[in-house]
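First up is the structure itself, then whatever we jot down about it.
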Amino acid sequence: MSTLNVISALGNRHRLKLIEIISGQDNEGITVEAATILLGIKQPTVSHHLSELKDVGLVTCQSSSYYHIYRVDTTKLKELVSFLREIILNCEKD
């Protein structure tokens, strides 16, 4: 996925909050049910946003017998940071 897709996915307040919530779980991840409670929005909406994040590579999903556990995949976030860092460095050149 492109940087534009990652930026677009993070441009939604619920998805951005999901990344923040999941990243604070000490790599244990989060279930849809837990995310629903923490975000205070309906389960189908949370599932949709997690699917969008998964599609652009920002989260991974591991299925257990009863739950889907979502974790942040930092690869795309690191690529985004590198992209932004390059822009900043270009702007700061004399």
Note on the range 4-56: contact order normalised by length, alpha-carbon pairs under 8 Å, 6 or more apart, percent, works out to 41 percent
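Going by how many other beta carbons lie within 10 Å of each one, how would you line up 55, 26, fewest first? Don't skip to the answer; put the middle values down first.
Values: 55 12, 26 6.
Fewest-to-most Cβ neighbours within 10 Å comes out as 26, 55.
Mind checking the dipole of the chain: about its Cα centre, +1 per Lys or Arg Cβ, -1 per Asp or Glu Cβ, Debye to the nearest 20?
Details: 10 positive and 11 negative charges, 43 e Å.
It works out to roughly 200 debye.
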If one compares the long axis through the Cα atoms of helix 74-92 with the longest principal axis of the Cα atoms of the chain, the angle in degrees, nearest 10, works out at 20 degrees
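Please rank 50, 18, 80, 4, fewest neighbouring Cβ atoms within 10 Å first, as an exposure proxy. Could you put the intermediate results ahead of the total?
On the way: 50 23, 18 26, 80 15, 4 9.
Ranked by crowding around the Cβ, least crowded first: 4, 80, 50, 18.
For the range 1-64, run through the trypsin sites (Lys or Arg not before Pro) and keep only the ones in DSSP coil with at most 12 other Cβ atoms within 10 Å of their Cβ. Can you show the working numbers first?
Values: sites: 13, 15, 17, 42, 54; in loops: 42.
Answer in residue order: 42.
For the range 28-94, which chymotrypsin sites (Phe, Trp or Tyr not before Pro) are both in a DSSP coil and crowded by at most 11 other Cβ atoms within 10 Å? Present the calculation step by step, with values, prior to reporting the outcome.
Details: sites: 66, 67, 70, 83; in loops: 66, 67.
In loop regions of the range 28-94 (DSSP not H, G, I, E or B), the sparsely surrounded chymotrypsin sites (Phe, Trp or Tyr not before Pro) are 66.
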Per principal axis, largest first, the Cα atoms of the chain extend in Å by 56, 22, 22
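Read the figures in this text as sums done on the coordinates, not as results from a lab. Source: prediction; values computed, not measured. Here Cβ is always computed from backbone atoms with ideal geometry, including for glycine, and neighbour counts include all displayed protein chains.
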